Amino acid sequence: MSSRTIIVTGGAGFIGSHLIRRLVTRYPDYHIICLDKLTYAGNLANLIDLRAYFDSSFDPAALSFENGVDIQKGGDGVYNPNLTFVRMDICDTNAVAELISKESVDGIIHLAAESHVDRSIEDPLAFARTNVIGTLSLLEAARQEWQKSGFEGKRFYHISTDEVFGALALNDKKRFSESSPYAPHSPYSASKASADHFVRAFADTYSLPVVISNCSNNYGPNQFPEKLIPLTINNILHKKGIPVYGKGENVRDWLYVEDHAEAIDEIFHKGVNGSTYCIGGGNEISNIDLVRKVIKLTDKVLGRDEGEDEGLIKFVKDRPGHDMRYAIDATRLAREIGWRAKTGFEEGLEKTVRWYLNNEEWLSGVASGEYLKYYDKMYSGR
């Protein structure tokens, strides 16, 4: 397999770390650059199991990442030097362009984003900056450098969300597809929709080779506990109330993160330039039914009476503009590229619960400090 150099933005985050793990182990001839600003949800501890690819003394907690640190160096012969970490703000167009030029980057997989709807309601400008301006900055940096070679062998892959399509009715059997119109309702989904449009505009205007995918809700190990599933597990662990918006009727389609990483890999290598692909897990469930399922499973693993912690459920005031239902039709991806989700929902949930309970040090580390302040701000008095 020929060598490539690929930047994964947001590579120290939830989905990004799983994709990095897949790429560095599956493509040893590739040079993978993990680019991350390391904000609250970006955590190098998410990549600690890849220490064999780093210096043998690698310790994320002890490193200072001021101007970007290459963590491929050193080692005792057991590492594979194909992974580099660079701490960088994607809004710094010149720095990104310099990195693309210096490392002869021929692929960008863009995952870096502000992604929590609740936070977008509190601070929409932060979402516009990262999700819109940040994406535009990456596009412009890629255009500046890649047009020198006529874009040959290059690819910009933008990962988006099903939330750009708006909401579906509970009693409707429709699902979102690549032809669904855009109808974002939250500042988060509006920022992602804007980014999608910029990606397509660069393809149409400059012939930048791009692909886009829109995914359903992800779950699995390493997800920041502001999200429903890890929040529920963490609160069960500490016998703390579990906030559920409204009546918990909102329905989401859940996709196991490793399945998503596989889909991204397949689309990056096999997708058609200018195309969009929808990625879904095919697991529709209401929030309240999901929370009850997680409670039963977590109680079982903890050795508690199954369902013992259902009393922790606390229905709270719904958030503004809460979309009722999301669902993805991934038929095109299956037909054209051959990808289908492999992880059953029950299997994925059990893997997820066991991972968090077996990694309490990781969980307690991220669910502290600023997270606790954020949690109190979001749920106190609701």
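Read-outs throughout are calculated quantities, based only on the coordinates presented, and are distinct from any laboratory measurement. Keep in mind that this is a model prediction, so the values were computed, not measured. Glycine also receives a Cβ, built like all others from the backbone with ideal geometry; neighbour counts cover every protein chain displayed.
In this simple spin-label model, placing a label point 7 Å from the Cα along the Cα-to-Cβ direction at both Asn171 and Thr5 gives a separation of 5.8 nm. Whole-Hz Karplus values for segment 117-132 come out as 4, 4, 5, 5, 5, 6, 9, x, 5, 4, 6, 5, 5, 6, 7, 9 Hz, taken residue by residue from phi with 6.51 cos²θ - 1.76 cosθ + 1.60 and θ = phi - 60°; glycine and proline positions read x. Panel order for Val316, Val96, Val105, by other beta carbons found within 10 Å of each beta carbon, from fewest to most: Val316, Val105, Val96.
Taking amide H positions as modeled 1.01 Å from N, with prolines and chain starts lacking one, the residues under 5 Å from Tyr277 and 5 or more places away or on another chain are Ile212, Ser213, Asn214.
Which value at 222 nm does the chain reach when only helices count, each DSSP H run of 4 or more adding -39,500 (n - 2.57), with the total divided by all residues and rounded to the nearest 500 deg cm²/dmol?
-11500 deg cm²/dmol
Annotation: amide H of Arg4 within the under-5 Å range of Tyr30, His31, sequence separation 5 or more or interchain, hydrogens built in the peptide plane.
Computing FRET efficiency as 1/(1 + (r/R0)^6) for Glu103 and Lys373, where r is the C-beta to C-beta distance and R0 is 45 Å, gives about 0.75. Across segment 221-236, coupling constants 3J(HN,Hα) worked out from phi with the 6.51/-1.76/1.60 Karplus curve, θ = phi - 60°, read x, 6, 7, 5, x, 7, 7, 4, 5, x, 4, 5, 4, 4, 6, 4 Hz, and Gly and Pro carry x.
Restricting segment 128-226 to trypsin sites (Lys or Arg not before Pro) that sit in a DSSP loop and have at most 10 other Cβ atoms within 10 Å of their own Cβ leaves Lys173. For the chain, the relative contact order is 16 percent, taking Cα pairs closer than 8 Å that sit 6 or more residues apart in sequence and dividing their mean separation by the residue count. If the segment from Ile48 to Arg335 were pulled out straight at 0.36 nm per residue, it would be longer than the present Cα-Cα gap by 99.7 nm. Computed from the Kirkwood radius of its Cα pairs, the Stokes-Einstein diffusion coefficient for the chain at 20 °C and 1.002 mPa s stands at 100 µm²/s. Summing Lys and Arg as +1 and Asp and Glu as -1 over all other residues whose Cβ lies under 14 Å from the Cβ of Ser160 gives a net charge of -3. Measuring r between the beta carbons of Tyr206 and Ile285 and using R0 = 51 Å, the FRET efficiency lands at 0.75. Between Ala126 and Glu306, the FRET efficiency estimated from the beta carbon spacing at R0 = 45 angstrom works out to 0.65. Of the GluC sites (Glu not before Pro) found in segment 293-333, the ones in coil according to DSSP and having at most 13 other Cβ atoms within 10 Å of their Cβ are Glu306. Multiplying the residue separation of Tyr40 and Arg354 by 0.36 nm and subtracting their alpha-carbon distance yields 110.7 nm. Each residue of segment 293-302 was assigned a 3J(HN,Hα) from its phi angle through the Karplus expression (A = 6.51, B = -1.76, C = 1.60, θ = phi - 60°), giving 5, 5, 4, 4, 5, 5, 4, 4, 5, 7 Hz with x at Gly and Pro. Expressed as a fraction of 2.2 N^0.38 Å, the C-alpha radius of gyration for segment 241-298 is 1.52. How would Ser216, Ser160 line up from fewest to most surrounding beta-carbon atoms within 10 angstrom? Ordered by Cβ neighbours within 10 Å, fewest first: Ser160, Ser216. The amide H of Arg325, built 1.01 Å from its N in the peptide plane, has Leu168, Val251 as neighbours under 5 Å, considering only residues 5 or more places off or on other chains. When each of Trp146, Trp362 is scored by the number of other beta-carbon atoms lying within 10 Å, the sequence from fewest to most is Trp362, Trp146.
In straight-distance terms, cross-link reach from Lys300 covers every one of the lysines whose alpha-carbon lies under 22 Å from its own, apart from those fewer than eight places away in the same chain; here that gives Lys227, Lys239, Lys240, Lys314, Lys351. For segment 177-257, averaging the sequence separation of C-alpha pairs within contact (under 8 Å, six or more residues apart) and dividing by the residue count gives a relative contact order of 28 percent.
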